[in-house]
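Single-structure report; data block below.
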Amino acid sequence: MSTAQGRLRIAVQKSGRLADRSLDLIRDAGLKWVKGHNDLLYRVENYPIDLLRVRDDDIPTFVADGVCDLGIVGENVLEEGRNGGPNASVVMPLGFGRCTLKIATPPTLAYDGPASLDGLRIATSYPKILRRFLDERGVKADIVVMRGAVEVAPRLKLAAAICDLVSTGATLEANGLGAKETVLESQAVLIQSPVAPEPGLQHLLDSVIERMSGVVSSQG
Ligand code: PRT
Ligand code: ZN
């Protein structure tokens, strides 16, 4: 049973690339909230729902554990966060936060397909997704995990290649890197907990999902 104590909880990114669009979607679905003293929790006025505002990396776990009933997060973060236990399920793609996880290399590296990465070091914030990609292609490479500034790794000789999110491509270009492989296409998704809400909240949960779905399809 959900720990929400008579209220549903929706996990959204507190600040960052998905924060505004996530709140826009929730507002367009008819939920109204007041920004209270509590920065972590926005209380919805017209339904028994709270918005939990957290780091995006925490959203898959909160939803998987039933701490939140729904969440909005990038597919890249969801995939990287998957583990052996019960996972959050994807309700629907939301059409924003689009980006692509790509392997990129400097011009000094002779590149002729994933096998060119054999024996090299690749810097990324997405070690699990990258490892799966390499394993599927029989490529043995070392992965060095960086939380940010992945694009500087080749210049600092920390790694021969990188695997990072790309949207416009400006960051790769500014760092003299060329995109070589697409590892994952990503966008923001609505995720749902495997833990059922309190029975009295199931109908509200279904109706919130339905209204979000209406908003997303009206945006085409
Ligand atoms: O604080 P918190 O942990 O919540 O936020 P965060 O810093 O981890 O994430 P944030 O806000 O930067 O991104 C949230 C989500 O937005 C990501 O998980 C993706 O799903 C999505 N997204 C969409 C992106 C991008 N586009 C993107 N371009 N996330 C990151 N980038 C970065 C990329 O890592 C690289 O540094 O932007 C740079 C590349 O952009 P271009 O335009 O130069 O190609
Ligand atoms: Zn994050």
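Just a few scattered comments:
- Projected area, mean over directions - the chain, Cα convex hull, nm²: 13.3 nm²
- Extension gain, Asp112 to Arg155: 0.36 nm times the residue separation minus the Cα-Cα distance gives 13.4 nm.
- Note on region 134-156 and region 1-77: Cα centroid distance 32 Å, given to the nearest whole angstrom.
- MRE, 222 nm, helices only [DSSP H, n ≥ 4, -39500 (n - 2.57), over the chain, to nearest 500]: -7000 deg cm²/dmol
- For region 85-97, putting each phi into the Karplus relation 6.51 cos²θ - 1.76 cosθ + 1.60 with θ = phi - 60° gives couplings of x, x, 10, 5, 10, 7, 7, 6, x, 10, x, 10, x Hz, in residue order, rounded to whole numbers and with x for Gly and Pro.
- For region 37-155, the spread of Cα coordinates along the three principal axes comes to 59, 29, 24 Å, biggest extent given first.
- Value in Å of the Kirkwood radius, where region 29-73 supplies the Cα pairs that are averaged: 11.3 Å
- Dipole axis of region 69-220 (+1 Lys, Arg; -1 Asp, Glu on Cβ), positive-most option in Val166, Pro199, Gly176: Gly176
- Region 1-97, relative contact order in percent, only Cα pairs under 8 angstrom and at least six apart counted: 34 percent
- Averaging the sequence gap over all C-alpha pairs within less than 8 Å and six or more residues apart, then dividing by the number of residues, gives the chain a relative contact order of 29 percent.
- Relative to the longest principal axis of the Cα atoms of the chain, helix 202-218 runs at roughly 60 degrees.
- Rounded to 5, percent antiparallel among DSSP beta bridges of region 99-186: 65 percent
- Total lysine pairs whose alpha carbons fall under 18 Å of each other in region 99-186 (8 or more apart, or interchain): 5
- Rg(Cα) / (2.2 N^0.38 Å) computed for region 139-220, rounded to two decimals: 1.73
- Taking the C-alpha atoms only, the angle from helix 127-136 to the longest principal axis of the chain is near 60 degrees.
- Taking every alpha-carbon pair within region 99-186, the share separated by more than 21 Å comes to 17 percent.
- For a straight C-alpha distance cut-off of 18 angstrom, the lysines reachable from Lys14 (same-chain residues fewer than eight places away being disregarded) are Lys32, Lys35.
- Taking the DSSP bridge list for the chain and keeping only pairs wholly inside it, about 65 percent are antiparallel.
- Degrees, to the nearest 10: 19-28 long Cα axis against longest axis of the chain: 30 degrees
Values in this text are rule-based calculations from the coordinates and carry no lab data. Remember, it's a predicted structure, so these values are computed and weren't measured experimentally. Backbone-built Cβ (ideal geometry, glycine too); neighbour counts: all protein chains shown.
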